């Protein structure tokens, strides 16, 4: 061993380490001449943090030298992408793993209470008021989509944002989101006096799994009509896995020169925005709001205008979008937590933590429904509206680091070893945990039919959901869109037939008329009310597709399928009776591999037997009746 140390005296001097450390990684010292000065410092850091095991199987110089260099390139990426670097990551992992082993309660000393917020009822005067304010404020907003995941959990091998939101038009989630932002941009400019040239910035957080495919989806579809300069893709890096309670970094089982990595969670979006410099650019451009949303909630944009109106009116620094939540339902609750030392915070508390926390703080029944039939703690749907100025101030203190957690799977009750490697994780909605008590943190509760229909469960898992609980599948997500559009029309006075119950992929769902429209046709309830008259009627078996801005339904009676297309500068009035064989829903078995994945996971295909289609591509005013 002495000869090894002596032959690398210059390298050891650079490392400035003791003889004991040298003995801990003899295979590293043999290869020290391969490393740049920066890599030498990374090696020193790893040894200081007790990671000498990473080099135990390294061979003599001349063998796999490129792989050894690639190892340190990976270490450099992991070090640069985490606030405070890898040393900070390892220290945090040790602290959290020690807390996990001891069973420490993260909310020890805190008492929960219901925070202040705004509960909205769709279509009433208050709702309409907030929608109008929200649309005006859109010119001062930026949108951030968290889209780092694949659709494997859904039984879909593509990226989730490429999945059709509904199959009547085949519009994918990403197209719908972009068209909604463009429609909000246009509507906001119309409400502002004077010329308005501002484009709403759109950021998509991707991952190694989704980045290239997201870019390809955008480029192959001309960004769905959005200017490429409006769109920024920020790719999150994965974080290192650890093998034990000492936070020894896990070696990739397939490559001894790689550290095993896994996703860190969507909380990375805050550090990425901070390090990118975009937030300061937006502030300098006069923007005021940042709206965060996740990849497969097809209803979200129906709730966004009124929610932003609440943020502007209440001057919330943080506004969490929420829906009514049944007690003990498997969705996090938004709660105000007050510590015995006076600290307070308004955050999401996971459902499996909220009930025991209430029981331990003077509420013997735990999480129970109140007189409304729902829990007083609204259900968090992971959509946030942040005021930009206070957001930047907070990130200047934290660098965008979000309070993390660890969830190791132990082999046994001793909690001394793991079944498999674990890693630190963080969630976007935990951002408020570090805010001062003076921060104005609230929530906006929307009707669940209007705001929340995530697509995240595959058909087999969805079919196992207890009856009465949400499936959160591609089947239920599509049916929720038709339900929301039908209910909006009913609220506006249109006579819409009641739904029927049908079973697809083992899931019993309400099947409403298949009504869809482009966001530019109606962003708000006021838009729907101004474009669909009370003299209209739509039967349950009908399909109505509206592709155009200025299409007015006057006395339409529809029993079948009707597709209406119009150019932006055409004004079209539609009336009269339309009846045909329509489009039929035909059951599909999700195990039938001859059917495309996006159809299989819904459990039905659309058989377009007969329809009427009217198209108006020229400028002017048109009326149509059969």
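The values are calculated or read from the model by the stated rules, or taken from the named source; none is laboratory data. Quick caveat: nothing in here was measured; it's all calculated off a predicted structure. Neighbour counts are summed over all protein chains in view; Cβ atoms, including those assigned to glycine, are modelled from backbone coordinates with ideal geometry.
Every condition in (1) over 25 Å from residue 401 (Cα atoms); (2) assigned to a helix (DSSP H, G or I); (3) touching a residue at least 60 places away in the same chain (Cβ under 8 Å) is met by residue 57 except one, and the failing one is (2).
Only a single criterion out of (1) in contact (Cβ under 8 Å) with a residue 40 or more places away in the chain; (2) surrounded by fewer than 16 Cβ atoms within 10 Å (Cβ to Cβ); (3) more than 24 Å from residue 225 (Cα to Cα) is not satisfied by residue 542, namely (2). Out of 314, 336, 326, 302, one residue alone is in the same structural domain as residue 120 (by TED's automatic domain parsing), under 30 Å from residue 176 (Cα atoms), surrounded by 14 or more Cβ atoms within 10 Å (Cβ to Cβ) and modelled with pLDDT under 95. It is 326. Checked against (1) outside any loop (DSSP other than H, G, I, E, B); (2) more than 22 Å from the chain's Cα centre (by Cα); (3) touching a residue at least 24 places away in the same chain (Cβ under 8 Å), residue 356 passes all but a single condition, namely (3). Within region 108-128, the set of residues being under 25 Å from residue 385 (Cα atoms) and in a loop (DSSP other than H, G, I, E, B) comprises 114, 115, 116, 117, 120, 121, 122, 123, 124.
Give the residues of region 61-93 that are closer than 19 Å to residue 251 by Cβ and touching a helix residue (DSSP H, G or I) at 6+ places or on another chain (Cβ under 7 Å), sorted by residue number. Residues satisfying the conditions are 65, 68, 69, 72, 75, 76, 78, 79, 82, 86, 87.
When you look at residue 399, is it touching a helix residue (DSSP H, G or I) at 6+ places or on another chain (Cβ under 9 Å), at pLDDT below 90 and in the same structural domain as residue 304 (by TED's automatic domain parsing), yes or no?
Details: touching a helix residue (DSSP H, G or I) at 6+ places or on another chain (Cβ under 9 Å): yes; at pLDDT below 90: yes; in the same structural domain as residue 304 (by TED's automatic domain parsing): yes.
Yes: the conditions hold for residue 399.
Of all residues in region 503-539, those satisfying the criterion of being part of a loop (DSSP other than H, G, I, E, B) and buried (at least 18 other Cβ atoms within 10 Å of the Cβ) are 505, 512, 513, 518, 519, 520, 521, 522, 523, 524, 536. For residue 578, the test of being under 30 Å from residue 463 (Cα atoms), part of a strand (DSSP E or B) and at pLDDT 95 or above is failed.
Within region 408-431, track down each residue that is in a loop (DSSP other than H, G, I, E, B) and without any contact (Cβ under 8 Å) to a residue 60 or more places away in the chain. Break it down into steps so the answer makes sense when it comes.
At the first step, the residues of region 408-431 found to be in a loop (DSSP other than H, G, I, E, B) are 408-409, 411-417, 419-421, 423, 426-427.
Within region 408-431, 409, 411, 412, 413, 414, 419, 420 qualify.
Name the residue, out of 356, 390, that is farther than 27 Å from residue 468 by Cα and assigned by TED's automatic domain parsing to the domain that holds residue 142. One residue alone meets the criteria, 390.
Yes/no matrix, rows are residues, columns are (1) in contact (Cβ under 8 Å) with a residue 60 or more places away in the chain; (2) crowded, with 19+ Cβ neighbours inside 10 Å; (3) within 16 Å of the chain's Cα centre (by Cα); (4) farther than 28 Å from residue 528 by Cβ:
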{"position": "141", "(1), (2), (3), (4)": "yes, yes, no, no"}
{"position": "144", "(1), (2), (3), (4)": "yes, yes, yes, no"}
{"position": "154", "(1), (2), (3), (4)": "yes, yes, yes, yes"}
{"position": "164", "(1), (2), (3), (4)": "yes, yes, no, no"}
{"position": "168", "(1), (2), (3), (4)": "yes, yes, no, no"}
{"position": "173", "(1), (2), (3), (4)": "yes, yes, yes, no"}
{"position": "184", "(1), (2), (3), (4)": "yes, yes, no, no"}
{"position": "187", "(1), (2), (3), (4)": "yes, yes, no, no"}
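Within the set of pairs 6 or more residues apart or between chains, which connect a residue that is within 13 Å of residue 67 (Cα to Cα) and not assigned by TED's automatic domain parsing to the domain that holds residue 75 inside region 242-262 to a residue that is in a strand (DSSP E or B) and at pLDDT 95 or above with Cβ atoms less than 6 Å apart? Note: pairs meeting the criteria are 259/240; 259/249. Each residue in region 541-569 was checked for being under 36 Å from the mean Cα position of the chain (by Cα) and either farther than 15 Å from residue 611 by Cα or in a strand (DSSP E or B) (or both), and 20 of them qualify.
Pick from region 214-230 the residues that are over 18 Å from residue 185 (Cβ atoms) and free of Cβ contacts under 8 Å to residues at least 40 places away in the same chain: which of them is surrounded by the most Cβ atoms within 10 Å (Cβ to Cβ)? Quick ask: steps written out before the conclusion?
The first filter runs over region 214-230 and keeps only residues over 18 Å from residue 185 (Cβ atoms), leaving 214-217, 219-221.
Within this subset, residues satisfying the condition of being free of Cβ contacts under 8 Å to residues at least 40 places away in the same chain are 215-216, 219-220.
On the way: 215: 15, 216: 12, 219: 10, 220: 8.
So the residue we want is 215.
Return the only residue of 499, 466 being out of contact with any strand residue (DSSP E or B) (no Cβ under 6 Å at 6 or more places or on another chain) and not assigned by TED's automatic domain parsing to the domain that holds residue 165.
On the way: 499 fails: out of contact with any strand residue (DSSP E or B) (no Cβ under 6 Å at 6 or more places or on another chain).
Only one candidate qualifies: 466.
I need the full set of residues from region 46-73 which are surrounded by fewer than 17 Cβ atoms within 10 Å (Cβ to Cβ) and either under 28 Å from residue 271 (Cβ atoms) or in contact with a strand residue (DSSP E or B) (Cβ under 6 Å, 6 or more places away or on another chain) (or both), in order please. Within region 46-73, 48, 50, 69, 70, 73 qualify. It is to be established whether one or more residues within region 166-186 are assigned by TED's automatic domain parsing to the domain that holds residue 298, within 24 Å of residue 267 (Cα to Cα) and either assigned to a strand (DSSP E or B) or modelled with pLDDT under 95 (or both). Scanning region 166-186, I find no residue that is assigned by TED's automatic domain parsing to the domain that holds residue 298, within 24 Å of residue 267 (Cα to Cα) and either assigned to a strand (DSSP E or B) or modelled with pLDDT under 95 (or both), so the answer is no.
Going by the conditions given, is residue 348 surrounded by fewer than 23 Cβ atoms within 10 Å (Cβ to Cβ), in contact with a helix residue (DSSP H, G or I) (Cβ under 7 Å, 6 or more places away or on another chain), touching a residue at least 60 places away in the same chain (Cβ under 8 Å) and part of a strand (DSSP E or B)?
Details: surrounded by fewer than 23 Cβ atoms within 10 Å (Cβ to Cβ): no; in contact with a helix residue (DSSP H, G or I) (Cβ under 7 Å, 6 or more places away or on another chain): yes; touching a residue at least 60 places away in the same chain (Cβ under 8 Å): yes; part of a strand (DSSP E or B): yes.
Considered against the rule, which asks whether it is surrounded by fewer than 23 Cβ atoms within 10 Å (Cβ to Cβ), in contact with a helix residue (DSSP H, G or I) (Cβ under 7 Å, 6 or more places away or on another chain), touching a residue at least 60 places away in the same chain (Cβ under 8 Å) and part of a strand (DSSP E or B), residue 348 comes out as no.
Quick one: is residue 47 at pLDDT 90 or above, touching a helix residue (DSSP H, G or I) at 6+ places or on another chain (Cβ under 6 Å) and assigned to a helix (DSSP H, G or I)? So residue 47 passes the test. Every listed requirement among (1) outside any loop (DSSP other than H, G, I, E, B); (2) crowded, with 16+ Cβ neighbours inside 10 Å is met by residue 80 save one, (2). Of all residues in region 432-450, which are in contact with a strand residue (DSSP E or B) (Cβ under 7 Å, 6 or more places away or on another chain) and assigned to a helix (DSSP H, G or I)? Hits for region 432-450 are 432, 433, 448.
Quick one: would you say residue 446 is in contact (Cβ under 8 Å) with a residue 24 or more places away in the chain, under 17 Å from the mean Cα position of the chain (by Cα) and surrounded by 15 or more Cβ atoms within 10 Å (Cβ to Cβ)? If you could, list the steps in order and put the result at the bottom.
Numbers: in contact (Cβ under 8 Å) with a residue 24 or more places away in the chain: yes; under 17 Å from the mean Cα position of the chain (by Cα): no; surrounded by 15 or more Cβ atoms within 10 Å (Cβ to Cβ): yes.
Spelling it out, it is not the case that residue 446 is in contact (Cβ under 8 Å) with a residue 24 or more places away in the chain, under 17 Å from the mean Cα position of the chain (by Cα) and surrounded by 15 or more Cβ atoms within 10 Å (Cβ to Cβ).
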